[in-house]
Structures are given as C-alpha cells and as structure tokens.
Amino acid sequence: MIQNAIFGACSLSGAMLAALSLSCAAAPDRTPFLENHCFDCHDSTEQKGKLRLDNLKFDPTDAANAKTWIQVLERVEANEMPPKKKDRPPEPERAAFIQSLARDLMPAETARQKAEGRVVLRRLNRTEYQNTLHDLLGVDTDLKSLLPEDTTALGFDNIGEALHLSSVLMERYLEAADAALDEIFVKGPRPETKKWDVTLVPQRLRKDLPPGKRDYRLSHIQILPDDTVVFVSTGTFQPVTLEQFRAPVAGRYHIRISCYAGNSGGKPITFAWYCGSFDSSNANTHVAALIDAPPEYPAVFELNEYLPLRGTMKPILFGIGSHETKPDEDYTGPGVAIPWVEVEGPILDTWPPMGRQHLLGDVDLKAGTLPDAEKALRWLAARAFRRGITDADVAPYLALTESALDAGKPFEEALRAGIKGVLCSPDFLFFRESPAALDSFALASRLSYLLWSSPPDDALLRVALNGEIRKPAVLRAQVERMLSDAKAARFTENFTGQWLGLRNIDFTTPDKKLYPEHDDALQVAMLRETRLFFDELLKNDLGVANIVDSDFAMLNERLAQHYGIEGVVGQQFRRVALKPEDHRGGVLTQAAILKITANGTNTSPVVRGNWVLKNIVGRPVKPPPPNVPAIEPDIRGATTIREQIAKHRELESCSVCHDRMDPLGLALENYDVIGGWRKNYRSVGQGQQVKIQVDGRGVQYRIGPPVDPSGVLPDGRAFSDLDALKKLLLQDKPQIARCVAEKLLTYATGAGITFADRPTVEAILQQAAKKDYGLRSLVHAVVESPAFLAK
C-alpha cells in the first residue's frame, strides 16, 4: 500500500522501478568503488559500526534500506569514509560515486516525502501556547510554567515528532485554560489605580533604631536621616526589597526610581533593578533594568513592569563593596543612594479586561444567555482555530455550554466549559496541515508562528481569507511587515535561544574563586549582545559570514569592560567597531556562547568544538559510545587540556570524531568560561598566586599553564589561533550559509532536513547568494521554498 502511494506520487516508469531495485552487484558504476574502499571494513569478515555492505541490496523504495545508503553517501561525502589511515579514492572517482548514489536515491525519497509530507502532525509548544493566549485574549498570567517542558529534538522544541500529547498534559491544559479565564473573568469592580511613595528602609531595622537616631549602619547599607538608603556593597547580602509595597493585583505598574552615585569620583555606578515575587522558587524574578546612577545629583528612571500578585522589587549593585568595613565604622567609599521610589498601578488600558470585552462585549456575566455564549464561542473559535469556521466547528463547544446551562449552572461556569473545550481542542492545539501544498490559512499560521511564535493577526488573516497570501509579492510583503513588528523579538529570542543554545545560559554558575568578575549584570549583557547581533544581521540583511567573523560587536559599558574595549560608556547597547587587538568578532567570541559551552569551572575544547560543528559548520558528529569516559580538565594546573585530549584520541573509536572537534575547540581556548580573553589558564593548585579585590571581596587564584590555540584540521590545513581558523572556515562561505538555512528551515517547519530536501536547500542558497547570503534574504528564501509552502 505504501509502495503504491509512492509510485503513484512519483509516476515512475517501469524502467525506473526496475532501476530502483538493483543490487550493488548489478550497479557497475558503484561496485568497484565499494570493493576498493569499503569492503575491507564492511564485509562478511568484519562489520565496523555493525555495517555490512558486500551483500547489501539497493532498494530505495524500502525506507530502512534507503536510510542505510544515505548514511553511506553522507560519510563518503564528508570524507569520513574511507578513514584517513586508508588509501583515499581519487577525487573524480569519489565524486562519481556520490553523484551516482544520490541520483538513484532521490526519486524514491522525493516520492516518499510527497506522499507522507515532511511534517508530522505537531502541536503548539508551551511558549507558543503562552503567546497565543496573550495575543488572543490579552492574558498576562504565566501559563507556561503550568505546562511541562517540551521535548527537544534536532535542537528545537517545536519539532512535530517530539511533541507528544498525554493525559497528564491534557490535565495541565485544562488548568492553564482555567488560569487564563480567571484573569479574564476577574470579579469585582475595576481595580483602583494607586500611587505608593516607598522607602527602602527595612521595617525590621526601623524597630531597632534608638529614639532620635536616624543613622543606622550595616555592612551593605547606610540609612541617612532623611530615610535615603545608600547601598555600599555588592554580593550576597540580605536583600532589601520594597517591603512596604506588594502588588495588590497582578498587572503592569509604572515605577519611578530616584538615585545617584556618591563618592564615585565623578563616575556613574551601575545597579540592577529586580522585579518579581522573590519566593522560594524565584520563577518570575528577573532583572527589569540596568541603571546607571549619575554622580552626586539625583536622576529619575522610569520603568513599566508586569508584577505578579504580591510581587515587589529590589536593587542590587555591582562592582563596589565594603565587606571589610565594620558596622560601627564610618564609611567614605562609593555607594548608590536611592532617596525614594514611586509605584503607580495597576495600569489598565481597558476594563473589563480585553479578553472579556472581545468575548462578551457589555454582556453581564450573571445574566448571559445561550445566544451570548454562541457569539463568544464563534469569535474565539475563528481566531483560536486560525481559519474560517462553520456551524459544525462551533457546535460541540456550544453543546457543552448548553448542557451546563440546562443543568442549572451559572452562565459564567457554563461559558467556561465551552471556552475550555475550544482551548483544549485539536483544532487549537495542533497545526492542521494536509499533504501537498498548504492552504492559505495553514500557510498564514506557519508564517506567524515562525516570526512571532503566535497566531496570525487580522492583517495576515485577511490575505489568507482572500487567497492573496499565496502570491509571492504579497507573501514577501507580509514577511517584511512582520519582521518590522515588535513581536519579531520572539523570533530572535526563540530561534537564537535554541539554535545557539542561549536558553542554557543559567545552567552553570561560574566558580567565584576562579571567576569573581561574573555577576548578573554581565550575564544580562551577554544575552543582550548575541540577540542584538542577530537583530543587526536580520535588520540590515548582513551576510551570515558575520556569524564566523565580523568587524563590529553590540556592546554596553559592562560588556566592553569585560572585553577590554575602551570608549563605551553607559548601559545602553550600541554598535561598536572592532580592532584586531580586541580579539572579538562574530558569534564565536561572544561571552554568552563561550559561557554555555563551558561548565562554570573550566573549558572543554571537545564541547566547544562539537558546538561549532553542529551550529556553525553544520556537520555534527555522532554522540560518543556509552563506555567512553568524558574528559575532565585539570583545574589544579598540573596538566593541560591539550595533553588530556591527545591521550584520549589514542583510542581508535574516538579519533574519527575528535579529529574534527578538537581543533575547533582548541582555537577557542584563549577564552575562559565567561568569555574573558586569557593567555594562561586559571588554576586553584599550581602557579603564581593572584590576589585581587572584586565587589569588596578579596579573592585569589593562580596563573596556570599557557594557552595554545593552534591546531590542524582533518584535511591538513593548520592554523595558529582563532583568527587564522576563522579565515579557513570562511573559505567555504556557502557551507556556513547552508547550516543557517537548514536551521531556519527546521525551525520554520517543525521537521528536520531529509535527503529529499537537498534540492530545496540548494535552491534557498542560490537565491540568498544574490545578496551575499544576507540573513534577511535567507529568511525570505526559506519562506518562499517548496518545503515551507507544503506539509
């Protein structure tokens, strides 16, 4: 039955069908190659990698057989087979083998893809679910945390094959729908917008103040007679939150902060303003802003932040300290004074909440009728299902509401039943796509969830409704419009967060003894740099070769100081021209990338090299065998990582992959676990001791062995350092672009790249090559490709 579908889709001739069933022995153009270069390791006597080729039939109509031959082709194509210790075939012979095998594999693979579609049925992931409810109903409640983490495949969490549905997940969807409706159908009158004048003086300290005394000293704060709080140290001090303020309702609040730097030598001092619940989990606690307190004279900074119920705020300083000053001693060092904080809110643009107005208009929740419910369900279903709807689409959910009303349930409860049905239905949770070309609504959804991680807006639905979206010029105009929208920030965050691994930034905490300069301000800047760099490429259609090396970086003062680049003042990011002596340029030297490819204590060329192969070069290696021990760098400074890797590579089973990974990772050894430039490793054992002051704390480490960033690529090309390696990588600019194109296509469609997608990828590259592989051009080429336009 499957074969019939394949043959019908391909319209193959009898002669072609016969050719697809040939054995290796019957294919004279490939048999000599296999005999001369493959059978020694893959015959009846020896089957390395559990692969035997001397009796392997060639039947591309069989999916398993085709998969094996595709693996053979890819290994030969990547010069991994025959191994380098064997005689290599002449290039014309190797090219002829690859071309012949690809030619005979492609028809059946293409037919199989056309019959079944590239993408399996996939559902919204939890990020898309959160954004969808926000855009449809204005829901700000954290629904994402109510849902289990999505399984990741191929580096992304929107891959259809990995997004399963279970009874537990359905229960969570019901809970999330209830939480969303609680926000929409909030009880009582409109919350009053209030204003609070808040002092940061902790209440617990006020109780202990002697009569008439307004000066109180702790190791981390001073309280002046006018209740101005002066922060004079950084670090793990007892947090001073705005104890007099807790958000009475969840919502957006306008925050005004008066502050100035004292005794700072005429320079501003940076501090972070945190918002959140500050509970045991700290799930929603985050840095809302980095603020430069100006010297001597107060300035007012304003923020608009969403606060959860009972949420509050607190400041934390970076880079100053007086940990060794005793409470009863006078302190004359630098500090940040915060005379007052003003909070106003909740700021409500509409009342009742937007979602309720969309659903019910001015209908009273206590006096609604079945026709009111039907109107609400029709409005919701049309947008939740992301397509045109019929009476039959609405009927099941209207029946739920009617049944509840007949049972004597209040209107709100009955309507909730219908709405929860819509929000838990397959039409909402899944992308309904039929084999062959996507219909206009499915195409609009695919485009919207690519660029916004949320459903189509009215403008996109209009061109879907009239079919205009299928016109190339209209589709291109919609892409331009959507990339210029503020919601395109989700594309940057979600795509780079997974492709480059930025979501893993918090997985490790740098060792304070070895890397005392790491703090939250630096980590916030790390993420911002990489996202803004991606945005710069996207906005200006800059070539993706900039990912390997660029003559600019996106920096603020905190990050520029970390990189040793002068002339950058203030916490606002800007484009900064780079000099060769800065040792920066491209993604590879960005602190965020260097941190996520390290473990917090030391760096691993193996991990970093594999990251480069997978995410930049696009030629990843297979996972190591389960019985091979990991390499643990010696932070005592007794042995270098290069020495340990060399010993590891003596294992024959390891050398094939390590020959590819290790040189790339060793070139990055001049960068430590937080992206700082180094000529020597830091150690806690051997070497000259270094004593420094960081954030008022005396810390020390030792200067370890010197770094050697040189290496040799598997093809014999040698390099002295990362700058030289970058030049070698950029000799194959199309391969860098191919990697980015494949990542974009995988993320855009929710399916991995298959053998049958090769012509599509090459067409994408040919189109983008006209603009020097500009990132924006690549996005357009992906959206206009047959793989994006069809299931």
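The values are calculated or read from the model by the stated rules, or taken from the named source; none is laboratory data. The model shown is predicted, which means the values in this text are computed figures rather than measured ones. All Cβ positions, even for glycine, are placed from backbone atoms using ideal geometry, and neighbour counts span all protein chains on display. We work out accessible area using only protein heavy atoms, side chains counted, and drop any ligands, DNA or RNA first. Shrake-Rupley method; radii C 1.70, N 1.55, O 1.52, S 1.80 Å.
Computed values, structure above
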read-out	value
Accessible surface, the range 378-477, averaged per residue in Å² (probe 1.4 Å)	40 Å²
Fraction of accessible area attributable to carbon and sulfur, the chain (%, probe 1.4 Å)	52 percent
Exposure rank, largest accessible area first [V690, V612; 1.4 Å]	V690, V612
Filter on K50/K622; K539/K579; K48/K85 - keep pairs with C-alpha separation over 21 Å	K539/K579
The range 57-113 - accessible surface per residue (Å², probe 1.4 Å)	49 Å²
Solvent-accessible surface (1.4 angstrom probe) belonging to D772, in square angstrom, nearest 10	80 Å²
Solvent-accessible area of H37 with every protein chain in place, 1.4 Å probe, in Å² to the nearest 10	40 Å²
Centroid-to-centroid separation of the range 47-87 and the range 352-413 [C-alpha atoms, Å]	58 Å
Accessible heavy-atom area order of V656, V587, highest first, probe of 1.4 Å	V656, V587
Integer Hz, Karplus 6.51/-1.76/1.60 couplings in order for the range 167-172, x for Gly and Pro	5, 5, 5, 5, 4, 5
√(5λ) per eigenvalue of the Cα gyration tensor, the range 153-199, largest first, Å	38, 19, 8
Translational diffusion coefficient (Stokes-Einstein; Kirkwood radius from C-alpha pairs) of the range 100-171 at 37 °C, 0.692 mPa s, in µm²/s	221 µm²/s
Residue-by-residue Karplus 3J(HN,Hα) for the range 376-382, coefficients 6.51, -1.76, 1.60, Hz, glycine and proline x	5, 5, 5, 4, 5, 4, 4
Check: the chain dipole with +1 on Lys, Arg Cβ and -1 on Asp, Glu Cβ, in debye	620 debye
Spatially proximal aspartates and glutamates relative to K791 (Cα-Cα < 18 Å; intrachain offsets below 8 disregarded)	E109, E116, E161, D427, E433, D439, E742, D757
Most to least accessible of I469, I347 (protein chains only, probe 1.4 Å)	I347, I469
For the range 60-180, alpha-carbon Rg relative to the globular expectation (2.2 N^0.38 Å, N residues)	1.66
Candidate values (i) 1.01; (ii) 0.97; (iii) 1.12, label of the one derived for Rg/Rh (Cα atoms, Kirkwood Rh)	(i)
Nearby aspartates and glutamates by direct alpha-carbon distance to K487 (threshold 12 angstrom, same-chain neighbours under 8 apart not counted)	D135, D457
Rounded accessible area of R575 (nearest 10 Å², 1.4 Å probe)	120 Å²
Whole-Hz ³J(HN,Hα) from phi, Karplus 6.51 cos²θ - 1.76 cosθ + 1.60, for the range 178-188, glycine and proline x	4, 4, 5, 5, 4, 6, 6, 9, 4, 8, x
Straight-distance crosslink candidates among aspartates and glutamates, where the alpha carbon sits under 16 Å from K420 and sequence neighbours closer than 8 are dropped	E171, E175, D178, D182, E183, E374, D393, E402, E412
Per-peptide average of other Cβ atoms within 10 Å, ordering 508-516, 681-689, 481-489 highest first	508-516, 681-689, 481-489
